[in-house]
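So the structure is just underneath, and the comments pick up after that.
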Amino acid sequence: MVKSGRGKSKQSQAGHAAPAHGGERVASALHAYGVRWIFTLCGGHISPILVAARRLGIRIVDTRDEATAVFAADAVARLTGTPGVAAVTAGPGLTNTITALKNAQLAQSPVVLLGGAAPTALQGRGALQDIDQRPLVEPHVKLVQQVRRVADLGAAVEEALVASLAGVPGPTFVECPVDLLYDEKLIRGWYSDAAGKGTSIPDHLLRWYLNRHAEKMFEGAARPYAPAVRRVAVPVAGETALTLAAAALRKSERPLMVLGSQTLVDAAHAQKVAHAVERLGVPVYLSGMARGLLGRDSPLQMRHARRKALREADCVLLAGVPCDFRLDYGKHVRRSATLVAANRSTKDARLNRTASIEAIGDAGRFLEALARTTGGIERPGWLATLAERDAEREREIDAQAKARGVHVNPVAFFRAMDRAAGDNALFVADGGDFVATASYILRPRGPLSWLDPGAFGTLGVGAGFALGAHAARPQAEVWLVWGDGASGYGLAEFDTFARHGVPVIAVVGNDAGWTQIAREQVKMLGDDVGTVLARTAYHEVARGFGAEGIEIRTDAEVAAGLAKARRLAAAGRPVLVNVWLDKTEFREGSISM
Ligand SMILES: Cc1ncc(C[n+]2csc(CCOP(=O)(O)OP(=O)(O)O)c2C)c(N)n1
Ligand SMILES: [Mg+2]
């Protein structure tokens, strides 16, 4: 496996003979690096990769949209710390991935995208699905590999895997032209047919040219290929930053930490990071992939009134969290506070605000080192103040959960779902207000049990994330919290869930609208144009794809409906629960785009 800082360099067992074709080279590189799934939507350009990968025991999960394939690869990457891999065909297959690729880039997720391409000799000459792919993909990835020789395919894939994980993780792209993937005899046959049998000088020239082209393409392809698995070093912040941060924390009277997704880039270290945070004893807010890090009920974790706490804290440690819109571009943190920015990215550490102490390196490792250096930094009075404020807000939420209308109260619904979901639950969030409400109320059970799109705020990640989550954690009870609007992007993946036996419980918050947008638009502009949906029977759509569908229209039906959904999922069935929501004031006043 290619895992940050783990595993020894070793030669893989597979691939000591010359591979029969380029697809086998790609597959054996992936296999050697511990890749266990390829998410895909097929195309002739990539068939040899899929077939060869399956022969090596890599699971091929075919989806109904290339974006889903990349979202699924993204989820695998985040949950395992091993690169997630998607393979798509040339041209439109690739263009369909761009949103998901951008989402992975902004989430700093190590995704490797394999793309087909037109035959090398025909590129730029009007071949099927032939476009210039580099300029399309380049702005969204760390590395583009355009392979031109069969012998280079394996190394290109290895490079893409390593680069996706190194430093600040992110997606990479390997373009594999179709004529590099099939076996040499077949390709030479294509080229010789293309050259024809003419006797004119141009005919001779064309034959000479194509023959020389094939020679170059297959140069070295007869030699054996054995991938060499490289270890990716975890970047570690310097000692000075550690000493300064330790001193600042010790001196602090009101210390506070905010942990973001980047803290858990090295998924295998999640428990160690959790122990470090517990040992430090500093009150903490968890966001993104860090949600759930301390389990359901840690006394250190605060869920509410973050802005107020940040205003009051005299020392703030931002671990893997940039000062972007979520911290009001840094304004949430008090000017006079000592700000410690622990981040793999210098750019993120400096975004909008100059930190007092910069710790450039892995934020999780930094927390581990800090806990070893300082031991506990308990400030019981400060912790109690924050905890009381948190408890106060929880009581308000309880009061809101009591309100009864005609259909389901979303606040009460998530209280019920939080009680119903198992200890092995993993929550995927995709939607607007419905998801924002969930994020206040649902309590992720443990490390890496919450997935949301991240800073790109992309609607439509849900089905792919759920697919990837089940692959990475087959024992987990995967709950997809889905706005009715958001569900439209991925409903067809119920077909994928049914075919591959993926027992997702998708809970659709059916408020017949794009409510997060409608809320502001109506208030500010007096018109709901473009924001209204119908009370669609989404559960019946799921049934049409061969999955289970449950409809819940009133609060009274919630507990039984959720229990039934869990039973069906436990028996291996994907389920869609269509929940008719009442309007609520819960999200009133929050700004949403
Ligand atoms: C790809 C994409 N398109 C549009 C948006 C803008 N947007 C943000 S929230 C939202 C409404 C979501 O509606 P729904 O999923 O039904 O959740 P609700 O707010 O109704 O609970 C929209 C359209 C976006 N974030 N991403
Ligand atoms: Mg909605």
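The values are calculated or read from the model by the stated rules, or taken from the named source; none is laboratory data. Worth saying up front: this structure is predicted, and the values here are computed from it rather than measured. Neighbour counts run over all protein chains shown; Cβ positions are idealised from the backbone, glycine included. In case anyone asks, the SASA skips ligands and DNA or RNA and just uses the protein heavy atoms, side chains included. Shrake-Rupley method; radii C 1.70, N 1.55, O 1.52, S 1.80 Å.
Of the residues contained in the stretch 121-143, none is found to be crowded, with 24+ Cβ neighbours inside 10 Å and modelled with pLDDT under 95.
Apart from one condition, GLN145 fits all of (1) under 21 Å from the mean Cα position of the chain (by Cα); (2) within 22 Å of ASN103 (Cβ to Cβ); (3) not acidic (Asp, Glu); the exception is (1).
Contact map, the stretch 521-545: first residue more than 15 Å from ligand 2 (Cβ to nearest atom), second residue part of a helix (DSSP H, G or I), Cβ cut-off under 6 Å, separation 6 or more or different chains; pairs are ALA542/PHE494; PHE545/PHE494; PHE545/ASP495; PHE545/ALA498. Screening the stretch 1-97 for strands (runs of 3 or more DSSP E) wholly inside it with 2 or more residues that are at pLDDT 95 or above and open to solvent by 10 Å² or more (accessible area, probe 1.4 Å) returns the ranges 37-41, 59-62. Figure legend. Inter-residue proximity from the stretch 220-231: first residues farther than 15 Å from HIS31 by Cβ, second residues of a type in the set (Lys, Arg) and surrounded by fewer than 19 Cβ atoms within 10 Å (Cβ to Cβ), beta-carbon distance below 9 Å, spacing 6+ or different chains. Indicated pairs: GLY220/ARG149; ALA221/ARG149; ARG231/ARG6; ARG231/LYS8.
Yes or no, residue by residue, for (1) out of contact with any helix residue (DSSP H, G or I) (no Cβ under 8 Å at 6 or more places or on another chain); (2) of a type in the set (Val, Ile, Thr):
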{"position": "LEU210", "(1), (2)": "no, no"}
{"position": "VAL234", "(1), (2)": "no, yes"}
{"position": "GLU239", "(1), (2)": "yes, no"}
{"position": "LEU249", "(1), (2)": "no, no"}
{"position": "ARG254", "(1), (2)": "no, no"}
{"position": "ALA270", "(1), (2)": "no, no"}
{"position": "HIS275", "(1), (2)": "no, no"}
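Any residue in the stretch 416-427 that is within 16 Å of ligand 1 (Cβ to nearest atom) and either over 23 Å from TYR285 (Cα atoms) or in contact (Cβ under 8 Å) with a residue 12 or more places away in the chain (or both)? Yes, that holds for at least one residue.
Listed by position, the helices (runs of 4 or more DSSP H) contained in the stretch 316-415 that have at least 2 residues being touching a residue at least 40 places away in the same chain (Cβ under 8 Å) are 363-374, 380-402.
If you go through the stretch 272-288 and keep only what is open to solvent by 10 Å² or more (accessible area, probe 1.4 Å), within 17 Å of LEU448 (Cβ to Cβ) and of a type outside the set (Gly, Ala, Ser), you end up with LYS272, HIS275, GLU278, LEU286. Go through the residues of the stretch 556-575 one by one and say whether even a single one is β-branched (Val, Ile, Thr), within 15 Å of ligand 2 (Cβ to nearest atom) and at pLDDT 95 or above. Within the stretch 556-575, not a single residue is β-branched (Val, Ile, Thr), within 15 Å of ligand 2 (Cβ to nearest atom) and at pLDDT 95 or above.
Scan the stretch 249-289 residue by residue and report those that are in a helix (DSSP H, G or I) and β-branched (Val, Ile, Thr).
THR263, VAL273, VAL277
Is it the case, given these coordinates, that ARG334 is farther than 24 Å from PHE465 by Cβ and crowded, with 22+ Cβ neighbours inside 10 Å? No, not satisfied.
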